[in-house]
Amino acid sequence: MKTTRGVVLIHSAPSAMCRHVEWALGGVTGAPLDLDWTPQPAERAAYRAELSWSGAVGMGARLASALRGWPQLRFEVTEEPAAGCEGERWAYTPTLGVFHATLGLHGDVYVHEDRLKKAIVDDALGLRLLPDSLADLLGTRWDDELETFRQAGEGVQVRWLHQVV
């Protein structure tokens, strides 16, 4: 079994949702969680938390899937590259939905060839401007929306969790 590690950043969650987030993440990791929730100054009555994890490759996808679809949640999940596996990143905002990207060894977003070809064709056909397509392929709108929430959480303590096997 290949192992990796990553981080779950809950940028914004209403207080009533915090326990549910812990249950959802605990269901994936196999261990009950009691995250350190701190007020999120970027949004009234919202809280933020971080969870560093280690576990099997693919755990990042399972964590992101457990959180997606809750309309008032903002989060990011990263999974570092492992031997023979690229890394991944998921971002979610209520207005934009889910963004997913493949990450290289140094954290760069990889855009697959067919997605680039489609963006070029869409531009040539006048369907969508190439800079707009490239921005979406890189997650620019998600980064722009989440940046305020990221900055509001700087200096917060990180907690490590290892998958229970």
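Here residue 53 passes the criteria (1) among the aromatic types (Phe, Trp, Tyr); (2) without any contact (Cβ under 8 Å) to a residue 40 or more places away in the chain; (3) crowded, with 17+ Cβ neighbours inside 10 Å except the one numbered (2). Inspection of the range 138-147 finds a residue satisfying the criterion of being closer than 17 Å to residue 6 by Cβ, touching a strand residue (DSSP E or B) at 6+ places or on another chain (Cβ under 7 Å) and touching a residue at least 60 places away in the same chain (Cβ under 8 Å).
Against the condition in contact with a His (Cβ under 8 Å, 6 or more places away or on another chain), under 24 Å from residue 24 (Cα atoms), of a type outside the set (Val, Ile, Thr) and modelled with pLDDT of 95 or more, how does residue 146 come out, does it pass?
Numbers: in contact with a His (Cβ under 8 Å, 6 or more places away or on another chain): yes; under 24 Å from residue 24 (Cα atoms): yes; of a type outside the set (Val, Ile, Thr): yes; modelled with pLDDT of 95 or more: yes.
Yes, satisfied.
Look at residue 25 and say whether it is crowded, with 17+ Cβ neighbours inside 10 Å and part of a loop (DSSP other than H, G, I, E, B). Here the answer is no, as residue 25 does not meet what is asked. For residue 149, are the conditions met, namely being assigned to a helix (DSSP H, G or I) and closer than 20 Å to residue 42 by Cβ? Spelling it out, residue 149 is indeed assigned to a helix (DSSP H, G or I) and closer than 20 Å to residue 42 by Cβ. Could you check, for the range 76-84, whether at least one of its residues is farther than 13 Å from residue 9 by Cβ, surrounded by fewer than 20 Cβ atoms within 10 Å (Cβ to Cβ) and among the aliphatic types (A, V, I, L, M)? Within the range 76-84 (the criterion being farther than 13 Å from residue 9 by Cβ, surrounded by fewer than 20 Cβ atoms within 10 Å (Cβ to Cβ) and among the aliphatic types (A, V, I, L, M)), the answer is yes, since at least one residue qualifies. A Cβ distance below 6 Å, combined with a sequence gap of six or more or placement on separate chains, defines the contacts here; from the range 61-86, residues that are in contact (Cβ under 8 Å) with a residue 12 or more places away in the chain reach residues that are among the hydrophobic types (A, V, I, L, M, F, W, C) and in a helix (DSSP H, G or I) in the pairs 62/28; 63/28; 66/24; 66/28; 74/149; 75/67; 77/63; 77/64. The set of residues in the range 111-121 that are surrounded by 12 or more Cβ atoms within 10 Å (Cβ to Cβ) and under 21 Å from residue 141 (Cβ atoms) comprises 111, 115, 116, 118, 119, 120.
Being in contact (Cβ under 8 Å) with a residue 24 or more places away in the chain and either under 17 Å from residue 92 (Cβ atoms) or surrounded by 15 or more Cβ atoms within 10 Å (Cβ to Cβ) (or both) narrows it down to one residue among 17, 1; which is it? Break it down into steps so the answer makes sense when it comes.
Working: 1 fails: either under 17 Å from residue 92 (Cβ atoms) or surrounded by 15 or more Cβ atoms within 10 Å (Cβ to Cβ) (or both).
After ruling out the rest, the residue left standing is 17.
So for the range 15-22 (the condition being under 24 Å from residue 139 (Cβ atoms), at pLDDT 95 or above and not hydroxyl-bearing (Ser, Thr, Tyr)), does at least one residue qualify? Within the range 15-22, one or more residues are under 24 Å from residue 139 (Cβ atoms), at pLDDT 95 or above and not hydroxyl-bearing (Ser, Thr, Tyr).
The values are calculated or read from the model by the stated rules, or taken from the named source; none is laboratory data. Since the structure is predicted, the reported quantities are computational estimates derived from the model, not experimental observations. Because the Cβ atoms are built from the backbone with ideal geometry, glycine has one as well, and the counts that use them run over all protein chains shown.
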